[in-house]
Amino acid sequence: HYAVKSREDYLQKFQRGRISRGDQDVKEGLATRNATTGQVQLRPLPPAAIHSFLTEETPSPAVRASLSHVELRLLDMAVYEFDRRDFSEARNEGILRFLPLLRQRLPRLFAPTAVSAPRGLPTPLFTLD
């Protein structure tokens with residue numbers, strides 16, 4: 001439900017735990033629950049998995065072979081969820097269809113308007129007509 005800026009930022013958020021899946025992650029052995037606070041935290045990824053996540057598009061066979069079942073599942077989840085949230089390469093050009101209308105209205109944005117605002121409030125620069 002959120003976009004991420006970088007793999008480093010995402011990894012920090014991921015390791016704190018997944019809010020909507022906390023109980024399920026504990027049940028599956030992917031996370032632990034703090035007995036005092038009740039906070040759920042994913043089990044830490046080992047350094048080789050972190051390095052792989054930060055430097056490779058997909059984990060190498062050697063890294064995958066070195067991980068336990070739980071560590072491999074966590075790494076696969078991190079890669080999958082990051083790919084779903086990484087919009088750094090995406091470009092949404094949907095707004096371009098509004099450019100002609102904006103160009104048409106732009107001169108009016110700065111023109112004096114006949115619409116008067118209630119006393120004490122600024123006069124609007126544009127209208128919704």
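Residue count for the range 1-20 under the criterion of being more than 11 Å from Pro44 (Cα to Cα), open to solvent by 40 Å² or more (accessible area, probe 1.4 Å) and modelled with pLDDT of 70 or more: the result is 4. Out of curiosity, is Thr123 modelled with pLDDT of 80 or more and at negative phi? So Thr123 fails the test. For the range 39-61, the set of residues classified as out of contact with any Gly (no Cβ under 7 Å at 6 or more places or on another chain), in contact (Cβ under 8 Å) with a residue 24 or more places away in the chain and open to solvent by 90 Å² or more (accessible area, probe 1.4 Å) consists of Arg43, Pro44, listed by residue number. For the range 62-86, the candidate set comprises residues that are touching a residue at least 12 places away in the same chain (Cβ under 8 Å) and farther than 15 Å from Gln15 by Cα; within that set, the residue that is most open to solvent (accessible area, probe 1.4 Å) is Ser66. Every condition in (1) open to solvent by 40 Å² or more (accessible area, probe 1.4 Å); (2) in a loop (DSSP other than H, G, I, E, B); (3) at pLDDT below 90 is met by Thr36 except one, and the failing one is (3).
The values are calculated or read from the model by the stated rules, or taken from the named source; none is laboratory data. Source: prediction; values computed, not measured. Cβ: placed from backbone, ideal geometry, glycine included. Neighbour counts: every protein chain shown. Accessible surface areas use protein heavy atoms only, side chains included; no ligands, DNA or RNA. Shrake-Rupley method; radii C 1.70, N 1.55, O 1.52, S 1.80 Å.
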